[in-house]
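The values are calculated or read from the model by the stated rules, or taken from the named source; none is laboratory data. Treat the numbers as computed from the prediction; the structure is a model and nothing was measured. Positions of Cβ are generated from backbone atoms using ideal geometry, with glycine treated the same way; all protein chains shown enter the neighbour counts.
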């Protein structure tokens, strides 16, 4: 063999070793077979062309490796995000937003609305109606409010089936995790820079933020085309309320005090229970209600509703409001007197978690005792509630005006 030929072979072996890591997985990365025509080329041609071919192969191997690794990373990330979409509470965790800020900033809002639509669709009745309640950590712990709330559906008269249409809207991660353990329709409502996990005492700034966040959220449900019954979790469901609703009303709401007529605008509404139909009138109303928080700073949603219900805008949009009779939709402010009629009972006019839990448990005991009576004794309506006990009107301040400290600040400004 000639010296140039030997030199070309040594150069070829030094520049073209078969890369085992690539060749084991990819057929096109296997070194081309050594044919005699290439080996028979002149020395000058071999020396001139080999570095160029070597560079091309190196580049091709590098690009292939980079593409393969990128595809693997994208596949893994997509699988993780698919899990996160099933558990949207994790989108609000500090670690997620810290390590994936670009995903949090650009897509969390879209993903959240998609998740909401999916949950509402799965829970809705044929009429595109859902039952909604909100839950934070303070009310979500075992043997707390949410357990009594769900228990009432189990004990109620033909109410167990309504659990299929109930969506629990969790205001923090712990509430969301607890919801997943006790119920099948859960939605994580993420609110930036606000922590709703603690008990929100009546009329504190924390309480006001939570109430107004709720109004804004309910507006978004209406815009998605879903009617809803909103219920506080401290309301016990004893009968199906739908037969007691007005068929021609857009907005129906329970009362702290019912004056006798459902169309009397002087009735005192309670925002903890309402039935709202999704249409242009109700959507515009919720927008107006939410924006009115700026007109009446320091007031909660219920007090603002008491003010705007007389506003000309309500008549202009044609919203039909009806107030629900406390005979069917009672509460501790004004209990339902006849247990043969009651649909729901609200632990309103009550301050403090311990007092609320105590009276709710008594309420459930009373209902069970009533349901165990023979039919003839039930009809006589001799059975009545033993509540309120720990809850009482004297334990709760009525807020027809802002808290004293806020009122003083407003007076200083003027």
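So, residue 243, is that one at pLDDT 95 or above and out of contact with any strand residue (DSSP E or B) (no Cβ under 7 Å at 6 or more places or on another chain) or not?
So residue 243 passes the test.
Please work out if residue 190 is at pLDDT below 85, surrounded by 15 or more Cβ atoms within 10 Å (Cβ to Cβ), under 12 Å from the mean Cα position of the chain (by Cα) and not in a helix (DSSP H, G or I).
Here the answer is yes, as residue 190 does meet what is asked.
Taking the condition in a loop (DSSP other than H, G, I, E, B), modelled with pLDDT under 95, surrounded by 14 or more Cβ atoms within 10 Å (Cβ to Cβ) and over 27 Å from the mean Cα position of the chain (by Cα), does residue 339 pass?
no
Out of (1) touching a helix residue (DSSP H, G or I) at 6+ places or on another chain (Cβ under 7 Å); (2) assigned to a strand (DSSP E or B); (3) over 26 Å from residue 361 (Cα atoms), the odd one out for residue 252 is which?
With respect to (1) touching a helix residue (DSSP H, G or I) at 6+ places or on another chain (Cβ under 7 Å); (2) assigned to a strand (DSSP E or B); (3) over 26 Å from residue 361 (Cα atoms), residue 252 is out only on (1).
Residue by residue, here is whether (1) outside the structural domain of residue 165 (by TED's automatic domain parsing); (2) at pLDDT 65 or above; (3) buried (at least 19 other Cβ atoms within 10 Å of the Cβ) holds:
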residue	(1), (2), (3)
85	yes, no, no
91	yes, no, yes
104	yes, no, yes
120	no, yes, yes
124	no, yes, yes
127	no, yes, no
134	no, yes, yes
141	no, yes, no
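Which condition number in (1) outside any helix (DSSP H, G or I); (2) modelled with pLDDT under 95; (3) surrounded by fewer than 20 Cβ atoms within 10 Å (Cβ to Cβ) is the one that residue 206 fails?
Exception for residue 206: condition (1).
Looking at the range 218-249 only, could you name the residues that are under 18 Å from residue 189 (Cβ atoms) and not in a strand (DSSP E or B)?
Going through the range 218-249, the residues under 18 Å from residue 189 (Cβ atoms) turn out to be 218-224, 226, 228-233.
Matches in the range 218-249: 218, 219, 220, 221, 222, 223, 224, 226, 232, 233.
Only one residue in 378, 407, 361 is assigned to a helix (DSSP H, G or I), surrounded by fewer than 17 Cβ atoms within 10 Å (Cβ to Cβ) and modelled with pLDDT under 85. Which one?
Result: 407 is the single residue among 378, 407, 361 that is assigned to a helix (DSSP H, G or I), surrounded by fewer than 17 Cβ atoms within 10 Å (Cβ to Cβ) and modelled with pLDDT under 85.
Taking the criterion of being under 30 Å from residue 141 (Cβ atoms), in contact (Cβ under 8 Å) with a residue 24 or more places away in the chain and crowded, with 20+ Cβ neighbours inside 10 Å, would at least one residue in the range 281-292 satisfy it?
No, the range 281-292 contains no residue that is under 30 Å from residue 141 (Cβ atoms), in contact (Cβ under 8 Å) with a residue 24 or more places away in the chain and crowded, with 20+ Cβ neighbours inside 10 Å.
The rows are residues; the columns are (1) in contact (Cβ under 8 Å) with a residue 12 or more places away in the chain; (2) on the phi > 0 side of the Ramachandran plot; (3) in contact with a strand residue (DSSP E or B) (Cβ under 9 Å, 6 or more places away or on another chain).
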site	(1), (2), (3)
120	yes, no, yes
134	yes, no, yes
140	yes, no, yes
145	yes, no, yes
149	yes, no, yes
154	no, no, no
158	yes, yes, yes
163	yes, no, yes
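Could you check how many residues of the range 381-393 are outside any loop (DSSP other than H, G, I, E, B) and either in contact with a strand residue (DSSP E or B) (Cβ under 8 Å, 6 or more places away or on another chain) or at positive phi (or both)? Steps first, answer last, please.
Within the range 381-393, the subset outside any loop (DSSP other than H, G, I, E, B) is 393.
This time we only want the ones that are either in contact with a strand residue (DSSP E or B) (Cβ under 8 Å, 6 or more places away or on another chain) or at positive phi (or both), so: none.
So the answer is 0.
Could you check the range 298-325 and list, in sequence order, the residues that are assigned to a loop (DSSP other than H, G, I, E, B) and closer than 30 Å to residue 338 by Cα?
Matches in the range 298-325: 309, 320, 324, 325.
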